[in-house]
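The values are calculated or read from the model by the stated rules, or taken from the named source; none is laboratory data. Just so it is clear, the model here is predicted, and its values are computed rather than measured. Glycine gets a Cβ as well: all are built from the backbone with ideal geometry, and neighbour counts include every protein chain shown. Areas reflect the complete protein model, heavy atoms only, side chains present, ligands, DNA and RNA absent. Shrake-Rupley method; radii C 1.70, N 1.55, O 1.52, S 1.80 Å.
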Amino acid sequence: MTLDVLAFATSPRRHGNSETLLDWMLAAMEGEGAAVEKIVVPEVDIRPCRGCNLCETLNRCVQRDYMDYVHDRIVAADCIVLASPIYCMGLAAQAKALVDRTQVFRSRKYVLHLPVVPPERKGKRMGIFLSTAGQNWDYVFDAAIPSVKCFFHVVDIRNKDIRYLMVNGVDEKGAIDRHPTARADAQSLANEVVRRLQELRAA
């Protein structure tokens with residue numbers, strides 16, 4: 001069965017550094033035989049969470065927008081890739097809106113005590129966080145990581161099954177193209193994740 005990869009490009013700047021890094025990874029995954037879907041979050045209707053907590057009784061979001069589709073795709077995917085630039089030391093607003101709307105899965109797991117994925121698929125999914133930042137500070141990604149871990153945790157992807165590729169010092173559009181290792185790192189990580197998913201599926 002073909003591996004199902006669901007990817008989110010969340011930067012409001014189309015074809016910038018984080019989306020380019022994502023595209024390199026997805027091309028490598030397709031080269032390994034995976035089926036890839038990329039959702040460009042700023043171009044679809046994903047509204048912010050209202051904090052109404054109605055998902056705790058409805059088992060779905062009260063809002064009717066593109067997240068109806070995204071919620072189903074998150075459950076179906078074998079691998080979820082979240083790509084975001086760092087803005088003001090955190091995820092871009094578009095990425096954070098997506099993360100916040102996965103409150104549905106938190107309600108499903110911890111309030112309604114319902115499964116997010118079927119039991120036979122637990123522990124057989126992976127998540128990838130790709131990020132770019134203009135600053136060279138070694139701590140520039142630190143504030144984003146807790147949100148990323150929360151996102152993957154509520155959709156039943158274990159910490160040990162999350163991979164990270166974060167590239168700093170790339171600010172202006174196209175800077176990633178001049179980075180000495182970013183493309184090769186993206187391709188290498190793609191190959192590693194596809195192999196690992198195949199192993200998990202066969203286990």
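Of note:
- Of all residues in segment 96-147 being in a loop (DSSP other than H, G, I, E, B) and of a type in the set (S, T, Y), the one that is farthest from D65 (Cα to Cα): Y139
- Inter-residue pairs, beta-carbon under 6 Å, first under 9 Å from T132 (Cβ atoms) and in segment 9-22, second modelled with pLDDT under 95 and open to solvent by 10 Å² or more (accessible area, probe 1.4 Å), 6+ apart: G16/K173
- Residue in segment 88-107 that is surrounded by fewer than 20 Cβ atoms within 10 Å (Cβ to Cβ), in contact (Cβ under 8 Å) with a residue 40 or more places away in the chain, touching a helix residue (DSSP H, G or I) at 6+ places or on another chain (Cβ under 9 Å) and farther than 27 Å from W137 by Cα present: yes
- Residues located in segment 157-203, provided they are over 18 Å from I86 (Cα atoms), of a type outside the set (A, V, I, L, M, F, W, C), in a loop (DSSP other than H, G, I, E, B) and in contact with a Gly (Cβ under 8 Å, 6 or more places away or on another chain): R158
- Matching option when the condition is in contact with a helix residue (DSSP H, G or I) (Cβ under 7 Å, 6 or more places away or on another chain), open to solvent by less than 80 Å² (accessible area, probe 1.4 Å) and of a type outside the set (G, A, S), among F151, F141: F151
- Condition check for Q187: of a type in the set (S, T, N, Q), within 28 Å of G31 (Cα to Cα) and at pLDDT 95 or above: yes
- Matching residues in segment 169-184 - criterion: being buried (at least 17 other Cβ atoms within 10 Å of the Cβ) and free of Cβ contacts under 8 Å to residues at least 40 places away in the same chain: H179
- Condition check for A83: open to solvent by 10 Å² or more (accessible area, probe 1.4 Å) and closer than 21 Å to K38 by Cβ: no
- The residues of segment 109-128 that are touching an Asp or Glu at 6+ places or on another chain (Cβ under 9 Å) and either among the small types (G, A, S) or surrounded by 22 or more Cβ atoms within 10 Å (Cβ to Cβ) (or both), listed by number, are G123, R125, M126, G127.
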